[in-house]
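So the structure is just underneath, and the comments pick up after that.
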Amino acid sequence: MKIRRKEMTTDQSDSGSKPNPVEGRAQGGGGASDRERPHGRSSLMQLLDFAGPRKVFSYLGCCLSALSTIAGFGPYICIWLAVKDLLAVAPRWSQATGIAIYGWVGLGFAAASVILYCAGLLMAHLAAFRSASNMRKTAIGHLLSLPLGYFDLHASGELRRTIDGSAGDTENLLAHILPDAAGSFAMILGMPILMLVFDWRMGLACLFPILIALVCIRMMMNDQGQSFMTEYQDALVRMSKTGTEYVRGIPVVKVFQQTVYSFKAFHEAIEHYSRIARNYAMQICHLPQTIQMTALNGTVIFLIPVAILLASGQSDFTSFVADFAFYAVFSGMVPTAMTRLQFSSESFSKADDALSRITGVLSSDPLTVADEPERPKSADASLEQASYTYPGADLPALDRIDFKVPEGGMVALVGPSGGGKSTCASLLPRFWDVDSGRVAVGGIDVRSIDPHDLMGQVAFVFQTNRLFSTTLLENVRAARPEATPEQVMDALRAAQCMDIVDKLPDGLDTMLGSGGIYLSGGEVQRVALARAILKESPIVVLDEATAFADPENEVLIQKALTKLTRAEGDRRRTVLMIAHRLSTVADVDRILVLDGGRLVEQGTHRQLLDAQGTYARIWSDYERAVSWKVDNSPKAAGEAGRNPADSTADEGYTVPGTGPFVADLSTDDSDIQREGGEA
């Protein structure tokens with residue numbers, strides 16, 4: 001069987017190319033250890049690859065910015081010439097007839113400098129916007145090709161910071177920093193020539209602070225500084241990730257009267273970021289930055305002593321004063337040039353880190369697609385000696401699992417928490433691909449089925465579902481975009497959602513979510529069931545769809561699930577369900593008991609109870625949990641202060657702060673009475 005990677009390409013019809021800056025793809029998710037980049041090319045060149053043909057605008061922008069800087073020398077030269085002419089005729093100033101010419105020429109140089117700089121920025125922005133846009137498109141396109149399990153390991157806040165933050169850093173670099181850096185380099189190259197032309201001794205005095213500044217910048221941007229930049233960006237990603245989680249958890253924080261310190265991960269992320277930034281500023285940059293700023297802003301300190309030493313031996317003191325005035329004025333450009341250069345060095349480090357992070361996403365393996373995909377001819381599903389270990393885990397989540405769900409059959413996965421139930425179900429729609437063995441639908445390995453066909457074969461209903469910020473019609477029609485409003489209404493009716501439709505002001509056209517109407521958790525679950533019903537897939541995966549529903553919604557959801565598991569003509573769909581409430585699995589065809597990633601038992605409800613194994617123990621615990629009820633009788637109230645450990649199963653006692661409870665073990669296998677809710 002030939003397998004190829006499913007590569008997602010960026011739509012760049014208006015740019016004329018499809019850049020692929022990543023030459024190799026490795027398993028990874030964007031962590032520092034996973035980042036790999038093609039060798040032999042600078043980060044800047046690889047970032048410009050995202051701009052496609054528009055990268056030439058970036059080169060043009062840099063050239064124009066450099067010319068702008070060189071043109072900016074003109075006014076200073078004109079000032080020097082004007083001062084020299086004035087001093088030559090002093091105090092008969094009216095004889096200095098060339099002053100007006102110098103003024104107009106200087107003004108022309110200044111205007112040319114501004115025009116060239118604006119044109120350079122325009123060119124640079126054209127390349128920067130295209131590069132940032134294509135970076136986002138390429139990353140998002142690649143995310144669409146990744147297995148769904150990837151998003152369980154990478155939080156939305158982390159991915160948003162990685163993609164959007166990296167693109168933002170790149171845009172700032174190419175649009176502003178790069179042309180400014182080109183201008184700064186042109187200034188640094190041009191300044192020695194200009195400063196050494198008139199008086200090389202005073203010129204060297206003005207250049208000496210630049211040499212000190214370059215040494216200080218090198219000290220701050222050494223290997224330790226580069227390491228800081230990586231840690232700094234990691235800290236930003238961590239804050240973004242935990243900040244998103246904290247915002248989502250604000251209702252819980254407020255309900256329990258907690259503070260930010262109760263959300264330990266968020267608090268630690270903030271402290272970690274603060275500590276890194278403070279240490280870098282105070283330990284690495286404090287002394288070099290102080291020396292650099294003192295030298296750059298105190299150029300006159302070096303210039304005046306040299307001028308005093310030279311003044312006594314000058315035969316043409318007037319020309320000497322003019323030269324000194326030129327250096328005194330021109331030295332004011334030194335801090336500006338070096339500040340630009342310093343910021344450009346920092347931005348280049350950020351760009352290198354941004355490229356590393358975006359490459360970390362792009363290097364993650366996409367789903368494989370067979371060169372000649374096969375289509376399943378039946379709706380049975382099976383795991384054949386399937387083993388899987390999560391990335392970075394030491395122990396396998398599943399170890400040689402082997403079972404089959406026949407077409408039209410209903411199989412339940414039960415077992416202790418962490419036993420591998422959700423992992424087992426996630427292998428069927430290829431949230432992950434097995435390390436060994438195979439997962440098959442209709443007798444065909446899922447890796448040989450086109451992912452779109454596989455998604456069409458399987459419908460999912462999870463414990464938690466999300467609706468889009470759009471109309472109810474579009475939310476349900478996400479399962480089948482071509483479905484008619486009548487078909488959507490039929491699906492809503494089958495999912496017991498007519499009470500939801502009736503109360504919405506605009507019916508199917510009512511906006512849900514931000515800026516619209518919000519639904520309760522149980523209502524959201526029923527809308528999600530309507531999606532699954534509309535999809536009409538022959539295989540259904542249920543992950544305890546009623547786990548968090550209130551009693552009223554649970555009854556409606558159970559009715560909807562009954563409809564979902566039945567196809568046309570009352571023919572049963574193939575159902576693989578994960579069950580936490582064991583009362584829902586008593587009548588399924590077969591129960592699979594998973595524990596520690598292994599299939600330890602399988603059979604019908606009665607067979608497993610008779611076997612007195614893991615399932616029988618779980619069932620016994622379940623019976624005790626669902627049979628607890630509130631007892632407000634005087635006897636129970638009088639015994640509220642007794643120690644629960646001293647009570648027998650049939651005696652009442654009170655848990656402090658909750659009221660009296662009593663255990664009722666009179667239920668049997670066929671009739672489970674839920675009186676106090678699940679424990």
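A few points about this structure:
- Condition check for residue 417: crowded, with 16+ Cβ neighbours inside 10 Å and either modelled with pLDDT of 90 or more or on the phi < 0 side of the Ramachandran plot (or both): no
- Which numbered condition residue 432 fails, given (1) within 19 Å of residue 537 (Cβ to Cβ); (2) in a loop (DSSP other than H, G, I, E, B); (3) open to solvent by less than 40 Å² (accessible area, probe 1.4 Å): (1)
- Count - residues of segment 26-69 that are at pLDDT 90 or above and β-branched (Val, Ile, Thr): 1
- Condition met for residue 402 (over 25 Å from residue 491 (Cβ atoms) and either touching a residue at least 60 places away in the same chain (Cβ under 8 Å) or open to solvent by 30 Å² or more (accessible area, probe 1.4 Å) (or both)): yes
- When the residues of segment 322-380 are filtered to those that are open to solvent by 50 Å² or more (accessible area, probe 1.4 Å) and aromatic (Phe, Trp, Tyr), the one that is modelled with the lowest pLDDT is 343.
- Within segment 353-382, residues that are over 20 Å from residue 446 (Cα atoms) sit with their Cβ atoms under 7 Å from residues that are open to solvent by 10 Å² or more (accessible area, probe 1.4 Å) and of a type in the set (Asp, Glu), at 6+ positions apart or across chains, in these pairs: 354/169; 359/36; 360/34; 363/34; 363/36.
- Options 414, 446; residue that is of a type outside the set (Phe, Trp, Tyr) and in contact (Cβ under 8 Å) with a residue 24 or more places away in the chain: 414
- Scoring residue 408 on the criteria (1) in a loop (DSSP other than H, G, I, E, B); (2) open to solvent by 70 Å² or more (accessible area, probe 1.4 Å); (3) not polar (S, T, N, Q) leaves a single failure, condition (2).
- A count restricted to segment 453-466 and to residues that are among the hydrophobic types (A, V, I, L, M, F, W, C), touching a residue at least 40 places away in the same chain (Cβ under 8 Å) and open to solvent by 40 Å² or more (accessible area, probe 1.4 Å) stands at 2.
- Matching residues, segment 585-608, being polar (S, T, N, Q) and open to solvent by 60 Å² or more (accessible area, probe 1.4 Å): 602, 607
- Between 125, 142, the distinction of being at pLDDT 85 or above, of a type outside the set (Gly, Ala, Ser) and open to solvent by less than 10 Å² (accessible area, probe 1.4 Å) belongs to 142 only.
- The condition (being surrounded by fewer than 19 Cβ atoms within 10 Å (Cβ to Cβ), within 30 Å of residue 597 (Cα to Cα) and within 32 Å of the chain's Cα centre (by Cα)) is satisfied by just one residue among 450, 509: 450.
- Any hit, segment 70-77, residues being without any contact (Cβ under 8 Å) to a residue 24 or more places away in the chain, open to solvent by 80 Å² or more (accessible area, probe 1.4 Å) and in a helix (DSSP H, G or I): no
- For beta carbons closer than 7 Å, sequence separation of 6+ or different chains, a first residue in segment 130-145 that is within 22 Å of residue 455 (Cβ to Cβ) and of a type outside the set (S, T, N, Q) and a second that is open to solvent by less than 40 Å² (accessible area, probe 1.4 Å) and not in a helix (DSSP H, G or I), the qualifying pairs are 141/10; 142/366.
- Single condition residue 147 does not satisfy, out of (1) closer than 30 Å to residue 239 by Cα; (2) part of a helix (DSSP H, G or I); (3) of a type outside the set (Ser, Thr, Tyr); (4) open to solvent by less than 30 Å² (accessible area, probe 1.4 Å): (2)
- When residues in segment 172-214 are screened for being farther than 30 Å from residue 129 by Cα and either open to solvent by 80 Å² or more (accessible area, probe 1.4 Å) or part of a helix (DSSP H, G or I) (or both), 24 of them pass.
- Among residues of segment 566-579 being of a type outside the set (Lys, Arg) and at pLDDT below 75, the one that is least open to solvent (accessible area, probe 1.4 Å) is 567.
- In segment 91-106, the qualifying residues are those that are under 60 Å from the mean Cα position of the chain (by Cα) and touching a residue at least 12 places away in the same chain (Cβ under 8 Å), and the one that is surrounded by the most Cβ atoms within 10 Å (Cβ to Cβ) is 102.
- Flag for residue 66 being open to solvent by less than 60 Å² (accessible area, probe 1.4 Å) and either of a type in the set (A, V, I, L, M, F, W, C) or outside any helix (DSSP H, G or I) (or both): yes
- Residue pairs whose Cβ atoms lie under 8 Å apart, sitting 6 or more positions apart in sequence or on different chains, and linking a residue in segment 493-506 that is touching a residue at least 24 places away in the same chain (Cβ under 8 Å) to a partner that is in a loop (DSSP other than H, G, I, E, B) and open to solvent by less than 50 Å² (accessible area, probe 1.4 Å), are 500/519; 504/510.
- Filtering 167, 155 for residues that are under 16 Å from the mean Cα position of the chain (by Cα) and open to solvent by less than 10 Å² (accessible area, probe 1.4 Å) leaves a single hit, 167.
- Positions within segment 189-208 being of a type in the set (A, V, I, L, M, F, W, C) and either touching a His at 6+ places or on another chain (Cβ under 7 Å) or closer than 13 Å to residue 307 by Cβ (or both), in sequence order: 198, 202, 204, 205, 206
The values are calculated or read from the model by the stated rules, or taken from the named source; none is laboratory data. None of these values were measured; they are calculated from a predicted model. Note that each Cβ is placed from the backbone with ideal geometry, even for glycine, and that neighbours are counted across all protein chains shown. All accessible areas refer to the heavy atoms of the entire protein, side chains included, with ligands and DNA or RNA removed. Shrake-Rupley method; radii C 1.70, N 1.55, O 1.52, S 1.80 Å.
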